[in-house]
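J.: Just dropping this structure here.
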Amino acid sequence: MEPKVCKDSRVTQTILVFPNELNHYQTMFGGSLMAHIDMVATLSAIRHSRTTSVTASTDSVDFLCPITQNDSVCLESYVTWTGKSSMEVFVKVVAEDLFTGERRIATTSFLTFVALDKNKKPVQIPQVIPETEEEKKLHETALDRAKMRKLRKEESKNLASHLTTKKYWDN
């Protein structure tokens, strides 16, 4: 299977912030931004694998500065690292004040996707080759994030074993 470069999976989407996406602080709802992040990350995963790809985890979403209604929001995503059937997708969110032109990194996020075949079974995907300095930095630090992801998943499974599915009113 031929490796692919990061730019083969790159997706860029620019959106306008509308009043219904603002919270009571007049900044963009985190959940609204997270939906946009998952959408562009999904497109990157499918572009890389060229098959159905599902979100396995949202590893991190770091809100670095607020996004206001005066801003446009540019989401840029691409595959930074691959395993056998899984891939890490990085999403960078750049907010731009439409009146001053000031641009700033507002949010960064890492998500993990799994590529599936027609029977919904994991399928092998191509490796990824970084080219730019940003891509190389993300690629070389990916194994550390993968280790943390694995630990978090085990902790989540452990915690879930102590949780109930019983409705609170069914005492």
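J.: Restricting region 92-145 to residues that are of a type in the set (S, T, N, Q) and without any contact (Cβ under 8 Å) to a residue 40 or more places away in the chain, which is surrounded by the most Cβ atoms within 10 Å (Cβ to Cβ)? Give the derivation first.
T.: Of the residues in region 92-145, the ones of a type in the set (S, T, N, Q) are 100, 107-109, 112, 119, 124, 127, 132, 141.
Imposing the further condition that a residue be without any contact (Cβ under 8 Å) to a residue 40 or more places away in the chain reduces the set to 100, 119, 141.
Details: 100: 8, 119: 6, 141: 12.
Looking at residues that are of a type in the set (S, T, N, Q) and without any contact (Cβ under 8 Å) to a residue 40 or more places away in the chain, I get 141.
J.: Does any residue in region 10-22 that is in contact (Cβ under 8 Å) with a residue 40 or more places away in the chain come within less than 6 Å, Cβ to Cβ, of a residue that is of a type in the set (Lys, Arg) and surrounded by 15 or more Cβ atoms within 10 Å (Cβ to Cβ) six or more places away or on a different chain, and which pairs are these?
T.: Within 6 Å, no pair qualifies.
J.: Conditions first: (1) on the phi > 0 side of the Ramachandran plot; (2) surrounded by 20 or more Cβ atoms within 10 Å (Cβ to Cβ); (3) among the charged types (D, E, K, R). Residue 88 passes all but one, so which condition is the exception?
T.: Condition (1) is where residue 88 drops out.
J.: Every residue in region 12-58 that is β-branched (Val, Ile, Thr) and part of a strand (DSSP E or B), please. Can you show your working first?
T.: First pass over region 12-58, keeping only residues β-branched (Val, Ile, Thr): 12, 14-15, 17, 27, 37, 40, 42, 46, 51-52, 54-55, 58.
Listed by number, the residues that qualify are 12, 14, 15, 27, 52, 54, 55, 58.
J.: Output yes when any residue across region 66-81 is among the β-branched types (Val, Ile, Thr), more than 20 Å from residue 143 (Cβ to Cβ), touching a residue at least 60 places away in the same chain (Cβ under 8 Å) and crowded, with 16+ Cβ neighbours inside 10 Å, and no when none is.
T.: Filtering region 66-81 down to residues among the β-branched types (Val, Ile, Thr) leaves 67-68, 73, 79-80.
In the following step, the residues that additionally are more than 20 Å from residue 143 (Cβ to Cβ) were identified as 67-68, 73.
Going one step further and asking which of them are touching a residue at least 60 places away in the same chain (Cβ under 8 Å), we end up with none.
Taking every residue of region 66-81 in turn, none turns out to be among the β-branched types (Val, Ile, Thr), more than 20 Å from residue 143 (Cβ to Cβ), touching a residue at least 60 places away in the same chain (Cβ under 8 Å) and crowded, with 16+ Cβ neighbours inside 10 Å.
J.: Next question, about the same structure. Restricting attention to region 22-42, and to residues there that are surrounded by fewer than 19 Cβ atoms within 10 Å (Cβ to Cβ) and aliphatic (A, V, I, L, M), which single residue is nearest to residue 110 (Cα to Cα)?
T.: Here the residue is 34.
Laboratory data are not the source of any read-out in this text; all were calculated from the coordinates shown. Not measured: the values here are computed from a predicted model. As a convention, Cβ positions derive from the backbone with ideal geometry for all residues, glycine included, and neighbour counts pool all protein chains shown.
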